[in-house]
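Please read the structure below before turning to the comments.
The values are calculated or read from the model by the stated rules, or taken from the named source; none is laboratory data. On a predicted model such as this, the values are computed, not experimentally measured, just so you know. FYI the Cβ positions are ideal-geometry reconstructions off the backbone, even for glycines, and counts take in every protein chain you see. Surface accessibility is based on the protein's heavy atoms, side chains included, excluding ligands, DNA and RNA. Shrake-Rupley method; radii C 1.70, N 1.55, O 1.52, S 1.80 Å.
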Amino acid sequence: MGTLRHVLLLLLLLEPGAQLAAGLSSALGSSRHINTCSAAEDRLCDFVCDCPEDCSDEEDCGYDSDPPFICDFEKDTCGWTHQNVHSYKWGRHSGYSSGDSASDHTLGTDRGWFMAVGAVHDNILTTAVLVSPRMRQAAPACELRFWYQVWDSGLVGVDAGSLFATLRSSSREAVVWRGAGSSVRGWREASIFTGRVPEPFQIVFTSRRSLSYPGDIAIDDIKFRNCALPQPMSACPDQFRCARGTCVETWQTCDGTDDCGDSSDEDAELCAQYRKCDFQNGTCDWTNWKWERTNQVSFSPPDLLSGPARDHTENNNAGYFLYIDNSNGATLLSPSIEPTNDTEPCFLVLYYHMFGPRAASLNIYHRTQDPAELIPAKSEQGERGDLWVREKVHFTVNTSFQIVIEGVLGGGRFGIVALDDLILSPGCRISNDSLSPDWELPTAAPSRCNQGQFECRNGRCVDQKLVCDFRLDCSDQSDEMDCGNATFDVSDGGWRDHSAGRLEWTVRQNTSSSQGGHLSLARAHGQLLSKAKALSPVLGPSGPACSMQFRYLLHSNSTFTGGISVSSVNQALGTEVLLWRTHRTRDEWTSVTVSVGARPRGFQIEIAALVDNFVPRDQKVAVDDIAFLNCTPDLEPPTAADVSCNFEAGLCGWYQDQTDELEWIRDVGPGFDHTTGSGHFVFVDASSPDLRGRSARLLSYPQRSSVETMCLSFWYHLMGPHTGTLSLKLRLGGGDEETVLWTRSGTQGNEWQRGLSPVPHQNHTFELVFEALRDGFDGDISLDDITLSSRPCSALQSCSFEASQCDFVSSERGGWRKQSGWTGGIASGPKTDHTLETDRGFYMIVDTSHDVMSSGQSASLYSGLTSALRGPECVQFWYHMSGDKPGSLSVFVEASGGQREEVFSESVTQGAAWRLGNANISASAEWKIIFQAVGAAGTSAHIAVDDITFQAGSCSRAGFCDFERGLCSWTNTRSRALDQLDWDWTSAGTTGKYPGPGLDHTLKTRTGHYVFLSSRSRAGPGQKAWLLSEHLPATQGSCLGLWYHLDSAIPIHMGELRVLLYSRFQSFQSWEVRGHTGNWAYVNFTLKSSEEFQVVLEASTGESGAIALDDITYNAGVTCDRLAPAPSSDYYSGTVAVVFVAVLLLSTVAGVLLFLYRRRRGSLSWGSLSWGSLSWRSLSWGSLSWRSLFKGSSETGSEEPGFDNIGYSRSDEDRITVPSIPAS
């Protein structure tokens, strides 16, 4: 005792200093280290680290201070602020904190953070503004890449004003990005190109909405690329040296862009021989036909979709440019130019803006004295984005000529073709020759077809939508001739370069690596460091078996950083889905086949490449021999009818839905698949950190009903502390409307479970859809052994009423009905269901109010007829009885002869909560189960049932569970307000990625079962999981016992296990343990409560290991001291006093050392100091425990008496008597 007294005295002496150190640490930790090197103000937030130690001069600049400059909003807002006074404003948001399951883009989970707007509840157009910190000195190629979400929740739709971005400074205000104006539920990538900005500026994201949900508009993962100006160099070999000592490429001089950062590359003396027209004061000596000279401020009223939002010269909304307005085309002619020579080349540098679906083409020609001679020099087709693109065109002509620039608009909702900063090189000398004024642009021969039609080569007219639809609609096949199939020997197959930077795709001929032509990556004349993109024509619709086959070459003689990818894009929606990519270099051509799948009309295939420091003579990136295979929409493989599938030889009659970013993966797992234990199955790994997208869908090929009702049987596996939802749906005739047939959410344990679903007879073809919904982010969803049979399903196993009524029918019209808190109907009904614990979950309910059901009147809910039972079974269900005198609920088993047996009855109202009911049933003949509600002339009264399950064997006693057949009456909660994770059910011998104890406690074998929570969770340490008992009646003393196993090898952030008492109005913590037991340990408690309560077994994750439970017992009305001594803990040994003092001394020394270490580091927090299993709140070692248990607390914050009857029993187990919960 003396030793212990000295130890406690030492701790008391240390405590004040520790508290002071903790306070200082907290203060230091909360401060931000900004500009520690005292860099000058004009060097702050300029995308250059001037503070070499910590780059703190770039802190809170709209990005994290560590390059690459990214803000993912996981820690804070990086300095972004909202400028609003009303509720519609930007805020830092996570799906978990808001309870809407929305995932961020960074982590792909509901724990990740992003910026989102609030809700608008009326029809008034409301604006939310998000403003960056003040940044400085953006380079011409500065790109702000980000991910955004614009999703209409079904209220008013979206337009361009839903989300757009502006660049704001003292001298300029310009829209720099406009959204697609379309609603897509998912993250989309976009880029803002700021252009050269010499003065301090801010980026402003603006959203204008009316009637919206919170989170409809969101932004994440803002990344600043190539924004810093070039830094001074000692020498500039083969480059231009700027006045500030920096280097730029020689081709960047006199091109109308300040690349140096001091405009020395655009110096008037240096560029005196260049002829530049920036349209600020007119069209110079260019002849204009139908181009409109204007600026953004001239558009009235201001329209986000009209014209470029800024010019290139001034990079603001007041600068002028040429723009095509209402006419379909316009032409610009240069003055007459003398013949050129190789000594002094003639070239034109220009900047063009092509944005929106109407932006058809920009064509550049030259013409000579011969009126008929108009020679193409360059053609750009299709939109490039909301930015100015640099282009350079060389002219080698042996006679006087003029340059002709033609802009063409096509069809579409909006579109822009604009020109700015035309610069002729010194080699383009103005000629005195006058060219013939009689000339015409080349025009296509007039079509004999109507607008919206395509003219086949043989003169036949077909609908334009039939072009490139993978069907031969023209007898001469001309409608499918330039539709992506290409060898590049004669034709490009309709592929067009859509690049906007320093790389582009071109068709090259005759190389040693490939005979004939191929699509090759080449240097371009743009100024942006963006990827090269080649787009196919608009395609579709395509069929499920559609694929694209091609060959590629990725070769390099030096260090290679880059890659090639294939994506499906929809420019109208602004979506892009990655189909394939590679970064692996090879010295030979490689063939690959990429699945395209079933897609609606309007998609295009994009081939993209991005290579850092591309050197054409040392590196080769090329694509050749592109072919689309099996893309006809109605093409079905021989296996199309094989809905029954064990996945051993493939997907059989199922195919992947390619319209999102998630896929089912066919895998093989020893000891895991259901068919053989070592065969194949399909799964979605929701815990993969690389996973993005909302759902993965596996679809059957179209089927026809052959009988009245079929049955689909399948085996599924849902496991993980935060797994998602698996649903079976039915889709008619390839349409969009789908009906949910079956669904399960959350972990179902580490065993294959059988699912059964009736498939109703359909008069039309239908498809079956297995959808894995990623509303959980830590677990897996698997499928195996699907069987479609031509007979009704066998006995009912369970029904949650989420998908259907499972053949349950009401005996009376207007009696039992299916509803949710969201859909309403019976207003007094539960606000949430039991399955999902949300207002969207369904249940069955009957209104027992006196104005609907008189006293003694009954309403019955009948199941379908079920075959005789082989042995006793347990029926378990959850019921909800509320209101004034709701009546009674009885459950009957009715044999086929009509004989009834009552197995359950309840008539006591105990508050608005879901309660567990169960009963043992047996039947030697066909039978059905009946839920009967009897009215009592109540007011606003109802009776509801949910989650009906049948299981072989007798029902467990209240509170008892050895977990050999499942969770018994214990349940995970789905409420995000209570916990974040779920307990999992498993056995040590079952394969799984979440490790637990090697043996269970009940059987002490690897086949025995237990529940556990693994710390190998994406959520990190400190995340809670609740396991709740059923509602237990008030008690003057009942004994709860359990076996627990803690495995926490890392002494910091250890897992914790707590026992709570939970009632309607308050909760009490009764016991806590943390650390490492190494084996199963036992504890029991005497519980007292003056009102109904639930026991909560709460586990918190640590850095490693797992927490497990087994063999829970509850002896109602019997205190623990009246029970026979419990078995000793499996691992307990040693003398209590010796071990206690030794451990305490060692732990104290460790604590002092840790305090001194953290004091020097400034990170000590005394309130949470722990080492090993030592904790000032809960000190334990093995089954030896010294706990200071907390006072109970109610939801109103009032304090309750603490626990003071803790001690050690002679039988080596912990016994704790919990004080009673006072009556409310």
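Could you give P(r) for the stretch 399-443, binned at 10 Å from zero, as whole percent values over all Cα-Cα pairs?
Answer for the stretch 399-443: a P(r) of 16, 37, 34, 12, 2 percent.
With a ≥ b ≥ c taken as the square roots of the eigenvalues of the C-alpha gyration tensor of the stretch 981-1064, please select rounded if a/c is under 1.5 and otherwise prolate if a/b is larger than b/c or oblate if it is not?
On the way: a/c = 2.05, a/b = 1.34, b/c = 1.52.
Because a/c hits 1.5 or more and a/b fails to exceed b/c, the stretch 981-1064 counts as oblate.
Dipole of the chain, Cα-centred, from +1 at each Lys and Arg C-beta and -1 at each Asp and Glu C-beta, to the nearest 20 debye? Before the final figure, lay out the partial values.
Working: 99 positive and 147 negative charges, 441 e Å.
The dipole of the chain has a size of about 2120 debye.
Mind ordering 772-782, 946-956, 231-241 by average Cβ neighbours within 10 Å, highest first?
In decreasing order of mean packing, 772-782, 946-956, 231-241 become 772-782, 946-956, 231-241.
Average projected area of the Cα convex hull of the stretch 103-255, in nm²?
11.6 nm²
Taking the Cα centre of each part, how many Å lie between the stretch 323-382 and the stretch 962-1004?
71 Å
Tell me which residues come under 5 Å, amide H to amide H, from A500 once H is placed; ignore anything under 5 positions away on its chain.
Excluding prolines and chain starts, which carry no amide H, the hits are K533.
Where Lys and Arg each count +1 and Asp and Glu each count -1, what net charge lies around Q477 among other residues with Cβ under 13 Å from its Cβ?
Counting the neighbours of Q477, the net charge comes to -3.
By its C-alpha gyration tensor, with a ≥ b ≥ c as the square roots of the eigenvalues, how is the stretch 418-458 shaped: rounded for a/c under 1.5, else prolate for a/b larger than b/c, else oblate?
prolate
Rounded to the nearest 500, what is the 222 nm mean residue ellipticity of the chain from helices alone, with -39500 (n - 2.57) per DSSP H run of 4+ residues and division by all residues? Spell out each step's value before the answer.
Values: 3 runs with 59 residues, N = 1224.
Taking each H run of at least 4 residues, the total per residue is -1500 deg cm²/dmol.
Lys/Arg Cβ at +1, Asp/Glu Cβ at -1, dipole of the chain taken about the Cα centre: which of N328, I403, Y351 is farthest positive-ward?
The listed residue farthest towards the positive side: Y351.
Check each of the GluC sites (Glu not before Pro) in the stretch 302-404 and keep only those in coil by DSSP with at most 15 other C-beta atoms within 10 angstrom; list them in order.
Filter output for the stretch 302-404: E373.
Taking the radius of gyration and the Kirkwood hydrodynamic radius from Cα positions alone, what is the Rg/Rh ratio for the stretch 225-364, to two decimal places? Don't jump to the answer; show the numbers that get you there.
On the way: Rg = 17.8 Å, Rh = 17.7 Å.
My calculation of the ratio gives 1.01.
Seen from all sides and averaged, what is the projected area of the convex hull of the Cα atoms in the stretch 464-614, in nm²?
If I average the Cα hull's projected area over directions, I get 9.7 nm².
Set Lys and Arg Cβ to +1 and Asp and Glu Cβ to -1, take the dipole of the stretch 638-705 about its Cα centre, and tell me which of A641, G653, S705 lies farthest positive.
Highest projection toward the positive end goes to S705.
Principal axis lengths of the stretch 809-953 from Cα atoms, whole Å, largest first?
Projected onto its principal axes, the Cα set of the stretch 809-953 covers 42, 32, 26 Å.
Among the listed pairs K290/K378; K818/K928; K1024/K1088; K276/K531; K465/K533, which have their C-alpha atoms separated by more than 22 angstrom in this model?
Numbers: K290/K378 20 Å; K818/K928 19 Å; K1024/K1088 25 Å; K276/K531 29 Å; K465/K533 24 Å.
Violating the 22 Å Cα-Cα cut-off are K1024/K1088; K276/K531; K465/K533.
Under 22 Å between alpha carbons, and skipping anything fewer than 8 positions from K1004 in its own chain: which lysines qualify?
Output for K1004: K993.
Can you tell me which of 482-491, 419-428 comes out highest on packing, and rank the rest after it, using the mean Cβ neighbours within 10 Å?
My ranking of the peptides, most packed first, is 419-428, 482-491.
Where does each of 292-299, 137-144, 585-592 land if you order them by average Cβ count within 10 Å, highest first?
137-144, 292-299, 585-592
By how many degrees, 0 to 90 and rounded to 10, does the Cα axis of helix 1136-1161 deviate from the longest principal axis of the chain?
20 degrees
Considering the options T848, L978, F1068, tell which one lies farthest towards the positive end of the dipole of the chain, charges being +1 on Lys and Arg and -1 on Asp and Glu at the Cβ, about the Cα centre.
The residue sitting farthest along the positive end of the dipole is F1068.
Would the stretch 657-786 count as rounded, prolate or oblate if I go by the C-alpha gyration tensor, calling it rounded below 1.5 in a/c and otherwise prolate when a/b exceeds b/c, oblate otherwise?
Prolate.
Just to confirm the filter: which trypsin sites (Lys or Arg not before Pro) across the stretch 55-148 are DSSP coil and have at most 11 other Cβ within 10 angstrom of their Cβ? Intermediate results must be reported in sequence, preceding the final value.
Numbers: sites: K75, K89, R92, R111, R134, R136, R145; in loops: K75, K89, R111, R134, R136.
In loop regions of the stretch 55-148 (DSSP not H, G, I, E or B), the sparsely surrounded trypsin sites (Lys or Arg not before Pro) are K75.
Per residue and in cubic angstrom, what volume does the convex hull of the Cα atoms of the stretch 311-417 have?
Value for the stretch 311-417: 115 Å³ per residue.
With the full set of protein chains in place, find how many percent of the accessible area of the chain is carbon and sulfur; take the probe as 1.4 Å.
50 percent
What whole-number value in Å² describes the accessible area per residue of the chain for a 1.4 Å probe?
Details: 52120 Å² over 1224 residues.
Roughly 43 Å² per residue, with all protein chains present.
Could you compute how fast the chain diffuses translationally, taking Rh as the Kirkwood radius over C-alpha pairs and applying Stokes-Einstein at 25 °C with viscosity 0.890 mPa s? Give it in µm² per second. Spell out each step's value before the answer.
Working: Rh = 35.4 Å.
Using the Kirkwood radius from Cα pairs, D works out to 69 µm²/s.
When 1/r is averaged over all different Cα pairs and the result inverted, which Kirkwood radius in Å belongs to the stretch 605-708? Provide the component values of the computation, followed by the final result.
Details: mean 1/r = 0.0566 Å⁻¹.
After inverting the pairwise mean of 1/r, the radius is 17.7 Å.
Please report the equivalent ellipsoid semi-axes of the stretch 426-520, computed as sqrt(5 x eigenvalue) of the Cα gyration tensor, largest first, in whole Å.
So the three semi-axes of the stretch 426-520 are 33, 27, 13 Å.
Report the antiparallel proportion of the DSSP beta bridges in the chain as a percent, rounded to a multiple of 5. Provide the component values of the computation, followed by the final result.
Numbers: 302 of 310 bridges.
Restricted to the chain, the bridges split so that about 95 percent are antiparallel.
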